[in-house]
Protein chains: 2
Amino acid sequence: MYTDYTCRYLSEHLSSEIRHTRRVNSRALSHEFSRQERKQRTRQALMDSALALLENQSFSSLSLRQVTRAAGIVPTAFYRHFDDMEQLGLALIDESFRTLRAMARAVRADPRTNERMIHNSVEILIEHVHQHDNHFRFVARERFGGVAALRHAIGAEVRLFASDLATDLARLPGFESWTTEDLQSMASLMVATVVSTAEAILEASSADLAAEAEIKETARRQLRMITLGVAQWRSATPTAAPADGGA
Amino acid sequence: MYTDYTCRYLSEHLSSEIRHTRRVNSRALSHEFSRQERKQRTRQALMDSALALLENQSFSSLSLRQVTRAAGIVPTAFYRHFDDMEQLGLALIDESFRTLRAMARAVRADPRTNERMIHNSVEILIEHVHQHDNHFRFVARERFGGVAALRHAIGAEVRLFASDLATDLARLPGFESWTTEDLQSMASLMVATVVSTAEAILEASSADLAAEAEIKETARRQLRMITLGVAQWRSATPTAAPADGGA
DNA sequence: GTAGTCTGTGTACATCTGTGCACTGAGTTC
DNA sequence: GAACTCAGTGCACAGATGTACACAGACTAC
């Protein structure tokens, strides 16, 4: 009866050499790193391994065992770091949005004219998408994915992102008198454009430079259309939203 | 050794009564329906069951056995209808985009003024999203989901959808002289807005009328901003795209 | 009516999964 | 240096999964 089970684990044990070479905390290191530091290191290894695996599958189909196998630890050790796969997912969202906020800061640090701002923003966006494609892919994939907790966490972060953008826009010359709703609409329109641009880049990716150039150009054109549209919008309706054609 | 396996199947066999009551092709029907018809019927039952299950999970985590269990057939019978779960997924995409095209037709069948067109389009969109929320949810979830084949199939359909919209727009008064790129940009901007609106509706859904009204209003505002933007765009750049601020 | 076709059944099995439990041994604290 | 902590191990197990195979029996074609 037990031979059955030993057999089941054969494939997993066969890769134990690989596991040893990949092991994040070599026994030889001994006193070189503190226990805390090493724990943090395997935690990061779990997150990195998960993110790498998520390149080709969605979170809901990612198993605890896959992650621990890739990270080079035994399945049960997972629980020393996370209660749950869901907790791992939330940690990944945290990490992902940290890089997204870094991007937003990079954009803000570039206060030029409107035209240049769009140009630069798109440039910085594409650069960041390439640099942290794993994070972007993960967020894009799970934004409407199968795990409710992750979906909601991402939704909250995206709304926060749009709000930040709205308050940023409010500070720009010419936007002082805008209503909150209009600013929010514009901001979320821009965020939607940015999101779909990022997703397009991720889909096209892997050395298709022509496609990428077109995506960039489309994104710029769209953002310009939006700014032109909102300018027109304000001059057409000086105080509030227009009566929707009499409806 | 074998007792182990019989035990494993216990839970599945316990629900066999349910399966019998749900059985799509009752033996008693006999000559009432042709064999072909009945085959088509279980095929549809598989697709419906899958779509229902996909409300709460992503396709990559949906198992063949779950689907057959819900459809009321034995796992191995699945292969009489599809080679593969992937084929089921592609069939679902086909079905989903048939309803989407029906929606587009409904919008086109409403040739009123620009303002009214936006108002009506959003109305029709939300109505369709509610009516076929399963299809919309599935497409939204798998558009950037874990299964490459589905992702690509959906991408192709969405591009087709945007192209159709672009040619539609080209026929409207005032758009005759537009370049293909500008029309495509505008169309995909609109599609992106529509998509994110549909996704917002799906997320908010379940009787939150206030949120839904706001989503509608935001969608209308955004679409109007876009049309205003492109109008401005054309008058600002009579022949081609403007030089991007000297870049 | 007989022979053939084909959808659905039932059993088997290898493989995967999450997680409980007792353990080891290096790192830390006193 | 003795006592304690705790990240990582190893084994066990129950349950789920995809799919091969032989079979049943209702529909179909002759």
> So how many Å³ per residue does the convex hull of the Cα atoms of the range B:121-175 work out to?
Replying inline: 85 Å³
>> Nearest the rotation axis from B to A, which residue of chain B has its beta carbon, and at what whole-angstrom distance?
In response: B:229, 1
> How large is the charge dipole for the range A:85-236, taken about the Cα centre, if only the Cβ atoms of Lys, Arg (+1) and Asp, Glu (-1) carry charge, to the nearest 20 debye?
Replying inline: 320 debye
> Distances from residue B:180 to the same residue in each other copy, label points 7 Å out along Cα→Cβ, in nm, shortest first?
Replying inline: 4.6
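Other chains near B:190-197: what is the mean number of their Cβ atoms within 10 Å of each residue's Cβ?
Taking all residues of B:190-197 together, the mean is 3.
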> Nm distances between the label at residue B:127 and the same-position labels in the remaining copies, 7 Å along Cα→Cβ, shortest first?
Replying inline: 4.9
> Given charges of +1 on the Cβ of Lys and Arg and -1 on the Cβ of Asp and Glu, with all other atoms neutral, how large is the dipole of the range B:31-82 about its Cα centre, in debye to the nearest 20?
Replying inline: 240 debye
> With θ set to phi - 60° and the Karplus curve 6.51 cos²θ - 1.76 cosθ + 1.60, what are the ³J(HN,Hα) couplings of the range A:54-69 in order, to the nearest whole Hz, using x for Gly and Pro?
Replying inline: 6, 5, 10, 7, 8, 4, 5, 9, 8, 9, 3, 5, 4, 5, 5, 4
>> I'd like the distance between the alpha-carbon centres of the range A:167-213 and the range B:27-101, rounded to an integer number of Å.
In response: 39 Å
> Can you list the equivalent-ellipsoid semi-axes of the range B:31-82, largest first and in whole Å, using the square root of 5 times each Cα gyration tensor eigenvalue?
Replying inline: 22, 11, 8
>> Can you compute the FRET efficiency between residue A:127 and residue B:32 using 1/(1 + (r/R0)^6), with r the Cβ-Cβ distance and R0 = 60 Å? Round to the nearest 0.05.
In response: 0.40
> Put the label 7 Å from Cα along Cα→Cβ for residue A:99; what are its distances to the other copies, in nanometres, shortest first?
Replying inline: 3.5
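Would you please put A:75-83, B:185-193, A:55-63, B:124-132 in order of how densely packed they are, using the mean number of other Cβ atoms within 10 angstrom per residue and starting with the highest?
Packing order, densest peptide first, comes out as B:185-193, A:55-63, B:124-132, A:75-83.
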>> Viscosity 1.306 mPa s, temperature 10 °C: give me the Stokes-Einstein translational D for the range A:77-235 in µm²/s, with Rh taken as the Kirkwood radius over C-alpha pairs.
In response: 94 µm²/s
>> Name the residue from B:202, B:85, B:103 whose Cα lies farthest towards the positive end of the charge dipole of the range B:85-236, charges +1 on Cβ of Lys and Arg and -1 on Cβ of Asp and Glu.
In response: B:103
> Given a Förster distance of 51 angstrom, what is the FRET efficiency for residue B:94 paired with residue A:106, based on the Cβ-Cβ distance and rounded to 0.05?
Replying inline: 0.75
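Taken together, the values in this text are just the output of simple stated rules run on the coordinates, not laboratory data. What you see is a predicted model; the values in this text were computed from it and never measured. Here the Cβ is made from the backbone with ideal geometry for all residues, glycine too, and neighbour counts use every protein chain on show.
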